[in-house]
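Accompanying notes for the structure given below.
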Amino acid sequence: MDVDNEIPHDLLQPPEAPQDQPPPSDPLQRRAVEVEEVLDEDSPDHRWVEDYPGPAGSVYGRSQGTFEKYREKQEERGDPPWYPFESEAEWELARWLMTSGVSQSKIDSFLVRQMHVPSEAV
């Protein structure tokens, strides 16, 4: 197949760029990419500081967090530190099961077989 015989020769040549025309003023008509250098806003040279009109970080009072409130009620009831577990050994076992990396399905299987926990509860 001879390409020169099938396609006109003038279509194979790239179009000539106009030499005397200035670049278009509309940025959408420009063909070249222009990059504008902009300083990074996160640069350490550009910090933005604003004075706070009042005392920032003031302590207006103290309050108990959720854990402290729960622990206080637990102590008032006379519950042991490992409550709601029956014993410290049971609490240690639960702690180990949760931190050991054993899969949840293996933990469930253990609880059903060894601890006699009904499978519906797991």
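Please treat every number below as a calculation from the coordinates, not as lab data. Only a predicted model underlies this, so the values are computations on that prediction, with no experimental measurement involved. Heads up, the Cβs are rebuilt from the backbone with ideal geometry, glycines too, and the neighbour counts pull from every protein chain shown.
Computed from the C-beta positions of Arg113 and Glu90 and an R0 of 22 Å, the FRET efficiency is 0.90 to the nearest 0.05. You can think of it this way: the chain between Arg77 and Glu50 has 4.7 nm of extra reach, that is 0.36 nm per residue less the Cα-Cα gap. By the count of other C-beta atoms within 10 Å, a proxy for reagent exposure, Arg113, Arg62 are ordered fewest to most as Arg62, Arg113. Please compute, over every Cα-Cα pair in the stretch 66-121, the percentage with a separation greater than 12 angstrom. In whole percent, the long-distance tail amounts to 72. Full extension of the segment from Leu97 to Val59, taken as 0.36 nm per residue of separation minus the current Cα-Cα distance, would add 9.6 nm.
Ranking of Ser109, Ser100, Ser58 by neighbouring Cβ atoms within 10 Å, starting from the fewest: Ser58, Ser100, Ser109. Using the Cβ-Cβ distance between Leu39 and Thr66 with R0 set to 41 Å, the FRET efficiency from 1/(1 + (r/R0)^6) comes to roughly 0.35. Each of Gln104, Ala89, Phe67 was scored by the projection of its Cα onto the charge dipole of the stretch 66-121, and the greatest displacement toward the positive side belongs to Gln104; charges sit on the C-beta of Lys, Arg, Asp and Glu.
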